[in-house]
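Chemist: Structure provided below as structure tokens; questions to follow.
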Amino acid sequence: MFKAIDTLEPGYIRQPMDLLWQQISPLYAADEDQVLRELMPLAEPHGDELTSIEARATRLIEQVRADDGAIHMIDALLLEYSLDTREGILLMCLAEALMRIPDTDTADALIRDKLSIADWKRHLSQSESLLVNASTWGLLLTGKVVTLDEREDGTPSGVINRLVNRLSEPVIRKVMQQAMKIMGHQFVLGRDMPEATKRGREYRERGYTYSFDMLGEAALTAADATKYYTDYTRAIDHVGNLPDIGSSPRPSVSIKLSALHPRYEVLQEARVMEELAERVFLLIRRARPLNVALTIDAEEADRLELSLKLFEKLYRSQETLGWDGLGLVVQAYSKRALPVLTWLAALSLDVGDRIPVRLVKGAYWDSEIKVCQQRGLSGYPVYTRKEATDVAYLACARFLLGEHIRGLIWPQFASHNAHTVASIMTLAKHADFEFQRLHGMGDALYDQVLDTAGVTVRIYAPVGNHKDLLPYLVRRLLENGANSSFVHRLVDQRCPISDLIQHPWQVLHSRDTLHNPNIPLPEAIFGAERNASKGPNILIESQWLPFSEKVGECLEQCWQADPIIDGRATPGQALHSDVRSPANRDILVGQVTYADHAQTIAAIDAAERFLPVWQSTSVTERTAPLRRLADLLEQHMEELVALCHQEAGKTIQDSIDEVREAVDFCRYYPARAEALYEEHLELGTLSGDTAHWQRQGRGIFVCISPWNFPLAIFLGQISAALVTGNCVIAKPAEQTSLIAARAIELMLQAGIPGGAIQFLPGEGTTVGAALTSDPRIAGVAFTGSTETAQRINRSLSRRECEPATLIAETGGQNAMIVDSTALPEQVVKDAVLSGFASAGQRCSALRVLCVQNDIADRIIELLKGAMAELTLGDPALLSTDIGPVIDEQAQSSLLEHIARMKEHAKVLAQTPMSGCTKRGMYVPPTAIEISRIDQIGREQFGPIIHVLRYSARHLDQLIDQINAAGYGLTLGIHSRNERTAAHIEARARVGNTYINRNQIGAVVGVQPFGGQGLSGTGPKAGGPYYLPRFTRLIPVDKA
Amino acid sequence: MTDHLFFGADHAAVFENWNRRGFAYRCKLLRAALDQLPLAGDHEEQLRLIPLLLDRALHMDRVVSLPGPTGESNELYLSGRGDALVFGTESASCVALAGQVFSALACGNPVLLGGAAEQEWCSRLVTLLHQIGVPRGILTLTDDTPIEALMQLPHLALVAPVCQGRELPSFQRQLAERQGLLVQLVPETDAVRCTTLLQPDHLHRFVTEKTRTINTTAVGGNATLLELGSSAA
């Protein structure tokens, strides 16, 4: 474990650099308490530090509060409309979306959506600010006006009211847009560099300096990256030619790597280290002669290690050698922050140039927590308490201010917290550092610092037009508007100063646990019911390297699948077949022996023999081996991932997700089964008595699974049938028999009796047909095409016996509806993922992207650009985004569809194929513009997105069109208008609707999955109503 | 033959409205019929069965919140499947027919009531239900169209007969031969004791599930999450 206290020793950073590097990655998701126990001694105030810090902080706060100009009107507004009020949230949402909406109807609808549901009245006269009270009146009136055109039940009201509404809407819209611009003005220095420097001149004259940042989020396309690059070059040129002003140090420029390259990702490390590096070199070559320092901004935790590798390459290059101007940002909320600083110090020592390092607390905390929970990671890369981040910040500060670091790193402390500022000033025994603050925040605080401390204060100032500021603005609003934020409390006179000057070390020390018990670890989000499945983070070196090494070893394996009857593999006399990888037909993955008719009958006989035993086995004895199976699957993750690559052509993350889903099924259904069988079934009768019933498995269940989820759905069906007391005959898809066979082996190893599970690899026409025509079969769980489900249904119905239960999950013609309030970049990211991930071979995959006319051109442009950046290839490679389709038949059918559509529709874009795809079953991701949904015909199960424009006025007709297709599986909605989203969701006849996110990857127990109409019979897999369909109720004689 | 023949040209919109009214509204509406149910030999049994079914249907009104990662909400709720054909064969009883009709209606489905059994009683039931507010486009009594033909209606989603067990394979076969969606067969084969109708799983055969996932961070939900990081526990 990393010893934090050792970093204060001068010799620590003199260790070999690779040793220091190795300290970084393992801390990614390290135990939070352990990491904090290490850091606490560095943050703990010693001697008279505590009293000194408190005195300084108190002085600062008193001075700020005494300053009449300290509270900006925005501060007052945020104080009144804090983010713990519904009104505050609504205002923030409006700020986020309003200005990007091109059409007035949709803009007005959004205003109506946000303003009409809040209680503005209670904010009246609550603030001392005239502006806030005036705004409240405005919002109150606006809220009233925008609701005039609806009756209580939501139906349109009379003509007069509508007229009032129509007349007032343009005014309201203008007022709201103006209000948003005022907010933007608060946090953005200027729309372009001349405006920014003009506006910043006054501050420079007072001694401040600037680091200019070009507004804009991550580039999705090469064109956007080029635009941002050009913005940066202009900014550098402009800053480089600024005159010196008084004592103000030279301004610098901050750059965001994700804005400079559309694939700044660990998965594309080679491109980052070449293409992105080259682009930054160009900026360095431009900036250095002009004496414009560059700072590389920090982004998401997953990119930290990549950013350091890139930084090292840039920093060690000839272009940078001898220059103190290339710096970077380190986020204190990261568990890896301190080892990163030690590595940077060692790097500086090695090369000889001082590195400017901006220490921030970190701005992506909420998304870091969410992503880790979604991906089932082993822990969080950030601290879960705010005070823990503050402690980490002070620990890093003590290191940075150490005498042994002086001259190696130029610390730039960015904070708006008076206590943090006072702490830095107390800890510092020299003046070789600077403070940084954001434009529009902490003015009064830093005016005091500038006057008294004699330390440089640099203002981080975003520059750009209003359209680009929205995501930035939201982050600032979140930072300022939260009740708990220091900035918020600083201007809130009701908050006692004593609360503001509490040392975070003391606060954290007083907690029962160092971590936040209100934020469970990713594996604990389902509480006591079950553990969530785990997966490695393939973007983190310390997790990826050992994982990939083991996967690599497994890729050498050759697998064998035979029918397994009564727990024994029985090759028999039937057809042996070679299994070849869809990614490369030259690769032999293994051999499979298909079951013959005699084996099929033998399997049914075996199941029939064992059924009474299994039905009388207690539910807990049935569930225990499935839970053991879940653990075994996690233990064999690497082998199963290798199998998914080789046999199913799945990419790395897809393969991990596949295993995770299987694990989740094997834990969820046992938990549900135990609850189901605990129910006391005492039911009334028509004669007024009560009767006792109990659940029992239906009998022998046939599970017929698809190749696209060869492990997850395979085991999902089987585990549901087994835990409810059915004996199972499993028939996997022909294409993925090897994975299925391996799963059955693990199932037997976990303790499922051989009589309970029979395994019959084979073709549908032989094995499947023989099974579904046998009268001993009580039920079938099937996932696959609608046509096959119909065949199974017919086969079952031809038997002269009680009808069998058929649970069928079938196809979809899944749409995503995007209105003009949506964020285009997010839409395209989600559309690409929904349509092309897993080569589009998911039941839930996006097939029809429906875009409101007003933003369609922009969305299509982004979609084309994003598709151009995708990589097709070997699914076992980290850099591969999209693997092959399953087989030749699928490939030719999809290519035929594309060829056919070329004649009747417009192909918008197609991802280029590389040479390495020649030996595999690849289909290029393709976007096709259509004018009607029925142009598509039947479902195309591959990487093809059809784009359909629609007019906002015809939204309901669009929903009718989607419903009329008859399928009803998934639907995506992108809209910031919650009423619009709710309206679409309610009207669409689909099983799973996803709002403002992608529409794939349903999680067991979280998003029960299954459709209606042509898409399936229900009940939904992974949901609370699934298991009862595998059971029947039988009367119990209580006498 | 089309469904419009029975349900009217604006059937889709009528179904949508009925379905969106919710279980609570429908149960309340249907409960009003209890006092006026047309008399039959098993009237008392009807008065036991129907309230029980409506009570169960009322419980289906709730939206289930599902646990999951922070920053998104996941909800599950139930909705009507679509057009339901309810009929009785010779052995059918009024109570079982009523059970199937009330089940289908309470769950939000349009009902086509047909068959040879208890025709007069069925006619009076339909009249009553129309009188208490069930829309005409939601409940229709068939003419003398044979059941075999009704089972081929293109938009049929489920068939809920009251019949004998031995009749089921034939119904199942006819439904399986159709094109399009897999029509659910939800029978009651115990016309006297209604053992299937009384079972807790029965009503679930009349509904379909809908899952709604919202990325709440896109509309301000991250503010709540950020507050969590400052919680003092």
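Chemist: Which one of A:Val1003, A:Gln653, B:Leu129 has its Cα pushed farthest toward the positive end of the charge dipole of the protein assembly as shown, where Lys and Arg give +1 and Asp and Glu give -1 at the Cβ?
Modeler: Highest projection toward the positive end goes to B:Leu129.
Chemist: Calculate one ³J(HN,Hα) per residue across segment A:403-410 by plugging θ = phi - 60° into the Karplus curve 6.51 cos²θ - 1.76 cosθ + 1.60, and present them in order as whole Hz with x for glycine and proline.
Modeler: 4, 6, 9, 4, x, 8, 10, 9
Chemist: Quick query: amide H of A:Thr805 versus all other amide H atoms, modeled in the peptide plane; which residues come in under 5 Å with a sequence gap of 5 or more or a different chain?
Modeler: Result for A:Thr805 returns A:Gly779, A:Val780.
Chemist: Right, next: Averaged over its residues, how many other protein chain Cβ atoms are within 10 Å of peptide A:516-526's Cβ atoms?
Modeler: Across the residues of A:516-526, the mean count of other-chain Cβ atoms within 10 Å is 3.
Chemist: Any idea how far apart B:Leu39 and A:Gln935 come out in nm if each label point goes 7 Å out from Cα toward Cβ?
Modeler: Modelled inter-label distance: 6.6 nm.
Chemist: Let me ask something additional. Could you rank the peptides A:583-596, A:373-386 by their average count of other C-beta atoms within 10 Å per residue, with the highest value first?
Modeler: Top to bottom by mean Cβ count within 10 Å: A:373-386, A:583-596.
Chemist: Give the residue list of GluC sites (Glu not before Pro) in segment A:777-811 that are DSSP loop and have at most 13 other beta-carbon atoms within 10 angstrom.
Modeler: A:Glu800
Chemist: Once the cut-off is 25 Å, how many percent of the Cα-Cα pairs in segment A:815-1015 end up in the long-distance tail? It would help to have the intermediate numbers written out before the result.
Modeler: Working: 6474 of 20100 pairs.
The answer is 32 percent, as a whole percent.
Chemist: Right, here's the next one. Could I have the simple spin-label model distance between B:Asp143 and A:Glu763, label points 7 Å from Cα toward Cβ, reported in nm to one decimal?
Modeler: For B:Asp143 paired with A:Glu763, the spin-label model returns 4.9 nm.
Chemist: May I pose another question? How much length would be gained if the chain were fully extended between A:Asp689 and A:Asn291, taking 0.36 nm per residue of separation minus their Cα-Cα distance, in nm to one decimal?
Modeler: Roughly 134.1 nm would be gained on extension.
Chemist: Across bins of 5 angstrom width beginning at 0, how are the C-alpha pair distances of segment A:348-467 distributed, in whole percent?
Modeler: Bins of 5 Å from zero give 2, 9, 18, 18, 17, 14, 12, 7, 2, 0 percent of pairs.
Chemist: Another question, then. Leaving ligands, DNA and RNA out of it, report the carbon-plus-sulfur percent of the accessible area of the protein assembly as shown at a 1.4 Å probe. Before the final figure, lay out the partial values.
Modeler: On the way: 23270 of 45220 Å².
Whole-percent figure for carbon plus sulfur exposure: 51.
Chemist: Give the residue list of trypsin sites (Lys or Arg not before Pro) in segment A:794-888 that are DSSP loop and have at most 16 other beta-carbon atoms within 10 angstrom.
Modeler: A:Arg798
Chemist: State the antiparallel share, in %, of DSSP beta bridges confined to segment B:8-228, rounding to the nearest 5.
Modeler: Counting DSSP beta bridges with both partners in segment B:8-228, the antiparallel share is about 40 percent.
Chemist: Whole number in Å², please: accessible area per residue of the protein assembly as shown, 1.4 Å probe, ligands, DNA and RNA not counted.
Modeler: Ligands and nucleic acids excluded, the figure is 36 Å² per residue.
Chemist: What distance in nm separates the two pseudo spin-label positions at A:Asp105 and A:Ala528, each 7 Å out from Cα along the beta-carbon direction?
Modeler: 5.4
Chemist: Summed for both chains, how many Å² of accessible area, to the nearest 100, are buried between A and B with a 1.4 Å probe?
Modeler: For A against B, buried area totals roughly 6300 Å².
Chemist: Order of A:512-522, B:91-101 by packing, highest average Cβ count within 10 Å first?
Modeler: Going by the mean number of other Cβ atoms within 10 Å, highest first, we get B:91-101, A:512-522.
Chemist: Note the full-extension length gain between A:Leu19 and A:Asp67 as 0.36 nm times their separation in residues minus their Cα-Cα distance, in nm to one decimal.
Modeler: Working: separation 48, 0.36 × 48 = 17.28 nm, distance 5.02 nm.
Here the answer is 12.3 nm.
Chemist: Return the calculated 222 nm mean residue ellipticity for chain A, to the nearest 500 deg cm²/dmol, obtained by summing -39500 (n - 2.57) across DSSP H runs with n ≥ 4 and dividing by the residue count.
Modeler: For chain A, the value works out to -14500 deg cm²/dmol.
Chemist: Across segment B:75-157, what fraction of all alpha-carbon pairs, as a whole percent, falls in each successive 10 Å bin from zero upward?
Modeler: Cα pair-distance distribution for segment B:75-157, in percent: 18, 53, 25, 4, 0.
Chemist: With a cut-off of 16 Å, note down the residues of segment A:1000-1039 whose backbone N falls inside the zone around a label point 7 Å from the Cα of A:Gln696 toward its beta carbon.
Modeler: Correct set: A:1030-1039.
Chemist: Percent relative contact order of segment A:290-405, based on C-alpha pairs within less than 8 angstrom and at least six residues apart? Mind dumping the intermediate values first?
Modeler: Working: 129 pairs, mean separation 33.0, N = 116.
So the answer I get is 28 percent.
Chemist: Let me ask something additional. Between A:Glu556 and A:Gln178, 0.36 nm times their residue separation minus their Cα-Cα distance comes to what?
Modeler: Details: separation 378, 0.36 × 378 = 136.08 nm, distance 6.37 nm.
The span from A:Glu556 to A:Gln178 would gain 129.7 nm if fully extended.
Chemist: Straight-line reach only, C-alpha to C-alpha below 16 angstrom: list the aspartates and glutamates that A:Lys731 could link to, leaving out same-chain residues fewer than 8 apart.
Modeler: Of all the aspartates and glutamates, those that pass the test against A:Lys731 - Cα under 16 Å, at least 8 places apart if same chain - are A:Asp562, A:Asp566, A:Asp596, A:Asp605, A:Glu745, A:Glu763, A:Asp774, A:Glu809.
Chemist: Rounded to the nearest 20 debye, what is the charge dipole size of the protein assembly as shown about its Cα centre when +1 sits on each Lys and Arg Cβ and -1 on each Asp and Glu Cβ?
Modeler: The dipole of the protein assembly as shown has a size of about 1500 debye.
Chemist: Separate question: Tabulate in residue order the Karplus-calculated ³J(HN,Hα) for segment B:103-117, using 6.51 cos²θ - 1.76 cosθ + 1.60 with θ = phi - 60°, rounded to whole Hz; enter x for Gly and Pro.
Modeler: 4, 5, 5, 4, 7, x, 9, x, 10, 10, 9, x, x, 8, 7
Chemist: For segment B:1-69, which GluC sites (Glu not before Pro) pass both filters: DSSP loop (anything but H, G, I, E, B) and at most 15 other C-beta atoms within 10 Å?
Modeler: none
Chemist: Could I ask something else about it? For B:Leu58, what charge total do you get from the other residues with a beta carbon under 14 Å from its beta carbon, if Lys and Arg give +1 and Asp and Glu give -1?
Modeler: +4
Chemist: What residues qualify as long-range amide H neighbours of A:Ile928, i.e. H under 5 Å apart, gap of 5 or more or another chain, H built at 1.01 Å from N?
Modeler: A:Leu908, A:Ile945, A:His946, A:Val947
Chemist: For A:Gln957, put the label point 7 Å out on the Cα→Cβ axis and report which residues of segment A:793-824 keep their amide N under 19 Å from it.
Modeler: Correct set: A:816-820.
Chemist: Using Cα pairs closer than 8 Å and at least 6 residues apart in sequence, work out the relative contact order for segment A:669-763, in percent.
Modeler: Relative CO of segment A:669-763 lands at 25 percent.
Chemist: Rounded to whole Å and sorted largest first, list the principal axis extents of the Cα atoms in chain A.
Modeler: 96, 79, 69
Chemist: Okay, next question. Test of understanding: extend the Cα→C-beta vector of B:Ala116 to 7 Å, then name every residue of segment B:140-173 with backbone N under 12 Å from that spot.
Modeler: Counting backbone N atoms under 12 Å from the label point, the list is B:146-148.
Chemist: What residues in segment A:351-385 lose 20 Å² or more of accessible surface when the other protein chains are added to their chain alone (1.4 Å probe)?
Modeler: At a threshold of 20 Å² (probe 1.4 Å), the residues of segment A:351-385 that become less exposed are A:Trp365, A:Asp366, A:Lys370, A:Gln373, A:Gln374, A:Arg385.
Chemist: While we're here: Nearest 10 degrees is fine. How inclined is helix A:304-316 to the longest principal axis of chain A, computing both from alpha carbons?
Modeler: Taking Cα atoms only, the helix is inclined about 50 degrees.
Chemist: With θ taken as phi - 60° and the coefficients 6.51, -1.76 and 1.60, list the Karplus ³J(HN,Hα) couplings across segment A:196-206 in order, rounded to whole Hz; mark glycine and proline as x.
Modeler: Along segment A:196-206, the couplings run 5, 6, 5, 5, x, 4, 4, 5, 5, 5, 7 Hz.
Chemist: Next question. Could you tell me whether segment B:110-164 comes out rounded, prolate or oblate from its Cα gyration tensor? Rule is a ≥ b ≥ c as square roots of the eigenvalues, rounded for a/c under 1.5, then prolate if a/b exceeds b/c, otherwise oblate.
Modeler: Since a/c reaches 1.5 but b/c is at least a/b, the shape of segment B:110-164 is classed as oblate.
Chemist: Past 18 Å, Cα to Cα, is the threshold; run A:Lys227/A:Lys467; A:Lys309/A:Lys386; A:Lys829/A:Lys864; A:Lys174/A:Lys467; A:Lys227/A:Lys864; A:Lys864/A:Lys906 against it and keep the listed order.
Modeler: A:Lys309/A:Lys386
Chemist: Could you tell me the relative contact order of segment A:914-1006? Use alpha-carbon pairs under 8 Å, at least six residues apart, and round to a whole percent.
Modeler: Once divided by the residue count of segment A:914-1006, the mean separation gives 22 percent.
Chemist: For chain B, with a Gaussian network of springs between Cα atoms less than 10 Å apart, report the residue from B:Phe15, B:Phe171, B:Phe87 with the top mean-square fluctuation.
Modeler: Answer for the Gaussian network model of chain B: B:Phe171.
Chemist: What does DSSP give for chain A in terms of the percent of beta bridges that are antiparallel, rounded to the nearest 5?
Modeler: 25
Chemist: Taking chain A as the reference, fit the longest principal axis to its C-alpha atoms, fit the long axis of helix A:49-66 to the helix C-alpha atoms, and give the angle between the two in degrees, 0 to 90, nearest 10.
Modeler: 80
The values are calculated or read from the model by the stated rules, or taken from the named source; none is laboratory data. Computed from a prediction, not measured in an experiment: that's the story for all the values here. Note that we place each Cβ from the backbone using ideal geometry, even for glycine, and neighbour counts take in every protein chain shown. When the accessible area is computed, the model is the full protein with side chains, heavy atoms only, and any ligands, DNA or RNA have been set aside. Shrake-Rupley method; radii C 1.70, N 1.55, O 1.52, S 1.80 Å.
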